[in-house]
Amino acid sequence: MNTPLPAVLPAPGQPRTSMDELMLAMDIVDTLRHEQSLVERELASETRDADFVARVQQIYASQGIAVSDALVRQGVEALKQDRFAYTPPKRTFAVRLAEVWVDRWRWAKRAMIVGFLGVFGYGIVAVPNAWMAGREYRSFLQQYVEVSTVASALKERQGLVAARLNSDLTDPPDLVAQPVALIAAEVQRDFPMIGAGLGGLPLNVVSKSAYTQDADAARRAVADYRTEIERHRVTLERVEDRLADAHALTTGARRYEQLALQLTGLALGDEMATQLHEKQSRSAAALASGDVGSANLALAEFEQAVVQVNLAYTLRIVNREGVQSGVWRYHEDAPDGKNYYLVVEAVDGNGQVLSLPVTNEETQRATTVARFAIRVPQSEYDKVKADKLDNGLIDDAIVGEKRRGELDVDYRVAVAGGAITEW
């Protein structure tokens, strides 16, 4: 606060000093303050007061301002008493609040800048972190959805397996009763272990709040759930495979019984009866052992033999427009790298074309077909080829005859053995 100005005011009863004189006195004090060293030097000797006053007057005169001796002396006296000097107040809490209030706009600008920098810095750090956290949770949730989808599919399969238990394991034929009973024991042991963990995890384990609170625990829970689901899947597949084996054995045993029934009362020669008995015995042994693969192969051979022995037909080379009568195939083990075939069909006594079970020598699979190709030497192939090129017809189209009660065809041409069903 500024010091009051009574020092330059006149004493009571004297005329009042004008404002111009007051302002001039204050300026004199200010000039003297800047000339502190001069004042101290001049004031040290009172005998030179008159000269000092004259110098001060000279300073103002050089600026075109006239000052009186009394006014200069008043200024000197005010300087000695530190009048017109500013003494700052003590920096109390109230003073500091006053200073803040005076500079409130500057502090507001500073606060805005600091706030903006804080918000900007928070955005730089928090927004990417929030985006990363959201992406991690979405990835975690996707993993859980995938595992849950697998669990739902397993649960449906479990229901289908439960419906098959009675049909595949109940009342099997006597021939396969023992292997099916062993399979039933395995299924009864493994099947109850499936389903307890297929219901999914509680939602509070995989919720966003739970993941945010402890992501490692949530990930461990899903990983453990995935492991459990995989264990159930392996068990369920094992049960399904064993049920498929039981079904195959049961179906095979019933096929075996039907084939054996077809042989009843059929007049067979000793050699033919021996061959069929061997095939029948191999089929029965394979079924009783529970070896599904061996049983299927043995049954296929037995079925083919039974079908063959009950049939009577003539094998004729196909001789129709748009149908090949012969084919050849590359084969590295053949003499000239080729195998030759005649395309034939079986025709019964009524002129009907029969479908026969034929094993394809290239794939080793038995297929029931109405047309197949038997392998012959090249000479037979060339002979038939020449016959057809002669007039477009095959004059001697019969290659063999199959009589009822016999297993093999009595061929009239040389054959190399083997047949194919696709070309």
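The values are calculated or read from the model by the stated rules, or taken from the named source; none is laboratory data. Only a predicted model underlies this, so the values are computations on that prediction, with no experimental measurement involved. When we count neighbours, we look across all protein chains shown, and the Cβ atoms used for this are built from the backbone with ideal geometry, even at glycine. Keep in mind that these areas ignore ligands, DNA and RNA; they rest on the heavy atoms of the full protein, side chains included. Shrake-Rupley method; radii C 1.70, N 1.55, O 1.52, S 1.80 Å.
Order the peptides 93-105, 206-218 from the highest to the lowest mean number of other Cβ atoms within 10 Å of their residues. Each step should come with its number before you reach the end.
Values: 93-105: 10.3, 206-218: 14.0.
Packing proxy ranking, top to bottom: 206-218, 93-105.
Considering only Q63, L141, S209, and ranking their Cα positions along the charge dipole of the chain that arises from unit charges at the beta-carbon of Lys, Arg, Asp and Glu, the one farthest toward the positive end is Q63.
Which value, in debye to the nearest 20, gives the size of the charge dipole of the range 99-173 about its Cα centre, when Lys and Arg are +1 and Asp and Glu are -1 at the Cβ?
Values: 9 positive and 7 negative charges, 118 e Å.
Charge dipole of the range 99-173: 560 debye, to the nearest 20.
Its Cα centre serving as origin, the range 184-305 has a Cβ charge dipole (Lys and Arg +1, Asp and Glu -1) of approximately 560 debye. In a GNM of the chain with a 10 Å cut-off on Cα contacts, which of Y256, Y144, Y340 has the highest mean-square fluctuation? Looking only at Y256, Y144, Y340, the largest GNM fluctuation is found for Y340. For T368, nonlocal amide neighbours, meaning residues 5 or more places apart or on other chains whose placed amide H falls under 5 Å from its own, are V358.
Look at the Cα gyration tensor of the range 311-423: its axes a ≥ b ≥ c give a/c of at least 1.5 with a/b at or below b/c, and that counts as oblate.
Too long at a 23 Å Cα-Cα cut-off: which of K279/K402; K279/K338; K338/K402? Long pairs (Cα-Cα over 23 Å): K279/K338; K338/K402.
Given their separation in residues at 0.36 nm each and the Cα-Cα distance between them, E146 and R96 gain 11.5 nm when the chain is fully extended.
Under 12 Å Cα-Cα from K388, which aspartates and glutamates qualify once same-chain neighbours fewer than 8 residues away are excluded? Straight-distance partners of K388: E321, D396.
Using only alpha carbons, the chain has a radius of gyration to Kirkwood radius ratio (Rg to Rh) of 1.73.
Expressed per residue, the C-alpha convex hull volume of the range 265-335 stands at 195 Å³. Taking Cα atoms, how many degrees apart are the long axis of helix 177-190 and the longest axis of the chain, rounded to 10 and kept between 0 and 90? So the helix axis and the longest Cα principal axis differ by about 10 degrees. Of all trypsin sites (Lys or Arg not before Pro) in the range 239-346, which ones are in loop regions per DSSP and have a Cβ with at most 12 other Cβ atoms within 10 Å? Sites meeting the loop and neighbour criteria: R320.
So what is Rg over Rh here for the range 236-358, counting just Cα atoms and using Kirkwood for Rh? Write out the running numbers ahead of the final one.
Values: Rg = 19.2 Å, Rh = 17.5 Å.
That ratio is 1.10, to two decimals.
Multiply the residue gap between D333 and T264 by 0.36 nm, knock off their C-alpha separation, and tell me the result in nm, one decimal place. Please report the intermediate quantities before stating the final value.
On the way: separation 69, 0.36 × 69 = 24.84 nm, distance 4.25 nm.
Roughly 20.6 nm would be gained on extension.
Each of the peptides 350-360, 106-116, 230-240 was scored by the mean count of other Cβ atoms within 10 Å over its residues; in descending order, highest first, they stand as 230-240, 350-360, 106-116. Working note: Karplus 6.51/-1.76/1.60 with θ = phi - 60° gives the range 379-395 the couplings 4, 5, 4, 5, 5, 5, 4, 5, 4, 6, 6, 5, 9, x, 10, 9, 5 Hz, where Gly and Pro are set to x. Centroid-to-centroid, using Cα positions, the range 373-396 and the range 141-164 are 60 Å apart.
Extension gain, E186 to D174, is 2.4 nm, computed as 0.36 nm per intervening residue step minus the present C-alpha separation. From a point 7 Å beyond the Cα of L393 in the direction of its Cβ, which residues of the range 315-343 have a backbone N at a distance under 13 Å? Answer for the range 315-343: 319-320.
Its residue count N sets the reference 2.2 N^0.38 Å, and the alpha-carbon radius of gyration of the range 168-235 equals 1.78 times that reference.
Just round it to a whole percent: the fraction of Cα-Cα distances in the range 341-406 exceeding 18 Å. If you can, show how the numbers build up before the last one.
Numbers: 1030 of 2145 pairs.
In whole percent, the share of Cα-Cα pairs in the range 341-406 beyond 18 Å is 48.
Surface composition of the range 370-418: carbon plus sulfur atoms contribute 46% of the solvent-accessible area (1.4 Å probe, protein chains only, all chains present).
Under unit Cβ charges (Lys, Arg +1; Asp, Glu -1), what dipole magnitude, rounded to 20 debye, does the chain have relative to its Cα centre?
Working: 47 positive and 58 negative charges, 446 e Å.
Magnitude of the dipole: close to 2140 debye.
Length, then width, then depth: along the principal axes, the Cα atoms of the range 111-206 run 95, 17, 16 Å. Axis of helix 19-34 versus longest Cα principal axis of the chain: the two differ by about 70°, to the nearest ten degrees. In the chain, a dipole from Cβ-located charges (positive for Lys and Arg, negative for Asp and Glu) runs towards its positive end, and of V353, H277, T421 it is T421 whose Cα lies farthest in that direction.
For the chain, the longest principal axis of the C-alpha atoms and the axis of helix 292-309 are separated by about 30°.
Diffusion of the range 163-312 by Stokes-Einstein, at 4 °C in a medium of 1.567 mPa s and with Rh set to the Kirkwood radius over alpha-carbon pairs, works out to 69 µm²/s.
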